[in-house]
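What follows draws every value from the coordinates through simple rules; no lab data is involved. As the structure is a computational prediction, the values presented were derived from the model and not from experiment. Cβ atoms come from the backbone with ideal geometry, glycine included; neighbour counts cover every protein chain shown.
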Amino acid sequence: MTSFKPDNPAFVSNPYPTYAKLRKSEPVHRTREGYWIVTKYDLIRELLANSELSNAPAKFSVLHARYRDSNVAADLANNILPFLDPPEHTEKRRLLNRVLQKQMAEMRPAIESICGDILASLRDQNEFDVISDYGTPVSIQSMMQLIGIPPTHEKKLKKWSALFFYLFAPIRSAQELAEIEHAIAEFRSFLTELIQLRKKNPCNDLISNLIGTSENNDANSHSTLSEKDIIDNCILIFADGIENVDRALGTCVAHVMENPAIFASINEVDDYERFVSEALRLDSPAQLIARISKSDITVGGQHIDKDSIRFLAIGAANRDPERFDAPDEFNIDRPAQQDLVFGAGRHSCLGASLVNMQLTGALMRLFAQVQLISPVKDNLEWENRFGHRWLKQYRIKVNWL
Ligand code: HEM
């Protein structure tokens, strides 16, 4: 019997053999710890559409709604889209998404100029880390611009965003929870001040336009976002635009190094987009999506009790041979949008188009400015981070043009 041990160093460095064995022998697998892991593409798609699965924090989680009054992390979690269920989720998602999509659509020139400026600042170095020296500043500055955060405080924003992102993995200690709570409290008060500023002087940014949405609505209507909704979901959007994105840039460049002939053959923007999309299918930054069963259900012939936790392994689904021909091969000519990199269904990622702009923009700019590029180390080191596939770093040597 195959076991699922996400902390095992062999699994951290290469989870795919374990996923393949599970998918074949036990696609709905109960771990020793008592949670379930689903590895088959079709079952995951089916589950993502199943209304008997809830996103609300589990009964025994420190983020459960009963801790809202005593714990700021639980209070925020129960107010942001990834932890909400319909009907509250449906309405908040609709209101946020309307403004977010419009704002993101205007970001391409800003992202290009941010990438250009950061590369210009790196030109005196012939070696740097694609993630921390390039991906992180590109993602932070683009998210600051999108939301409307003035161009200062980058360091503390990165710290808050990294701590906030621990909400998407099991919280390991009281100390970790305390640090997360502290970061959330500080981030909330920072955005509260920004909202007051934007109320007096609105700009064309996400935060001003979200305030506008709330104020244009009838106060008695449910179709409105409160100030707290705006703050908490802007924290979510900010961190979503950084934590997976900077690491994903490292993953994309690693795939360029592994597939030089394919990369050399591409020219057009949509070729780069297909390249990025294939790199993320093969090494999806988000590997597991968590859900709780609201009732007893049967999945893939397996009975699952009410209130049990299940992880939908999108990293495994994206390499399912029943869905993708030669799934472990890098092939930019696959039919579009079959992968689950950004989830699917009612909680699917709202930022996919921005990710595409950030990653293709950063990749195209980098390769337009360097002549020769090689990794400093041949072996890739992946972070031991539950539910994610993140390179620790990706250092390259470059010759600038
Ligand atoms: C490489 C980068 C990214 C990856 C891999 C990623 C992946 C995902 C996935 C898999 C989900 C679904 C989670 C679930 O079903 O429980 C999700 C949700 C979400 N993502 Fe992303 N994301 C990325 C970047 C972004 C960006 C840049 C934004 C914002 C601009 C964003 C905003 C969101 C939001 C708001 C949700 C919650 C949607 C909901 O629950 O209704 N993401 N993301």
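Some notes on this structure:
- Once the Cβ-Cβ distance of PHE330 and VAL269 is raised to the sixth power relative to R0 = 25 Å, the FRET efficiency obtained is 0.85.
- Label point of LYS228 set 7 angstrom out along Cα-Cβ; within region 154-193, amide nitrogens under 20 Å from it belong to 164, 167, 180-193.
- Entries of LYS199/LYS228; LYS92/LYS155; LYS155/LYS392 with Cα pairs more than 24 Å apart: LYS92/LYS155
- 3J(HN,Hα) along region 75-87, derived from phi through the Karplus expression 6.51 cos²θ - 1.76 cosθ + 1.60 where θ = phi - 60°, amounts to 4, 5, 3, 7, 10, 10, 3, x, 10, 9, 10, x, x Hz, with x in place of Gly and Pro.
- The trypsin sites (Lys or Arg not before Pro) of region 286-317 that meet both conditions, a loop assignment by DSSP and at most 14 other Cβ atoms within 10 Å of the site Cβ, are LYS306.
- Dividing the convex hull volume of the alpha-carbon atoms in the chain by its residue count gives 144 Å³ per residue.
- Amide hydrogen neighbours beyond the local backbone of TRP382, cut-off 5 Å, H modeled: LYS392
- Dividing the summed helix terms, -39500 (n - 2.57) for each DSSP H run of n ≥ 4, by the number of residues in the chain produces a 222 nm estimate of -15500 deg cm²/dmol to the nearest 500.
- Bridging of LYS21 to lysines at a Cα separation below 22 Å is possible for LYS5, LYS40, once same-chain residues fewer than 8 apart are set aside.
- Karplus-based coupling profile of region 321-338, in residue order and whole Hz: x, 6, 10, 10, 5, 6, x, 8, 8, 7, 9, 7, 9, 6, x, 5, 6, 9, with θ = phi - 60° in 6.51 cos²θ - 1.76 cosθ + 1.60 and x standing for Gly or Pro.
- Packing around the peptides 88-100, 278-290, taken as the average count of other Cβ atoms within 10 Å per residue, puts them in this order, highest first: 278-290, 88-100.
- Near the amide H of ALA286, within less than 5 Å, lie the amide hydrogens of ARG389, all on another chain or at least 5 residues away, with H placed in the peptide plane.
- Where a label projected 7 Å from the Cα of ILE373 along Cα→Cβ would reach, residues of region 283-326 with amide N under 18 Å: 283
- Sequence-ordered 3J(HN,Hα) estimates for region 162-168 from the Karplus curve with 6.51, -1.76 and 1.60 and θ = phi - 60° stand at 5, 5, 4, 5, 5, 5, 9 Hz, glycine and proline given as x.
- Inter-probe distance in nm under a simple model that places probes 7 Å from Cα toward Cβ, at ASN201 and ARG395: 4.3 nm
- Close amide H contacts of PHE4 (hydrogens built in the peptide plane, cut-off under 5 Å, sequence separation of 5 or more or a different chain): ARG32.
- Packing order of peptides 56-66, 360-370, highest average first: 360-370, 56-66 (average count of other Cβ atoms within 10 Å over each peptide's residues).
- Counting neighbouring beta carbons within 10 Å and listing from fewest to most, the residues SER374, SER142 come out as SER374, SER142.
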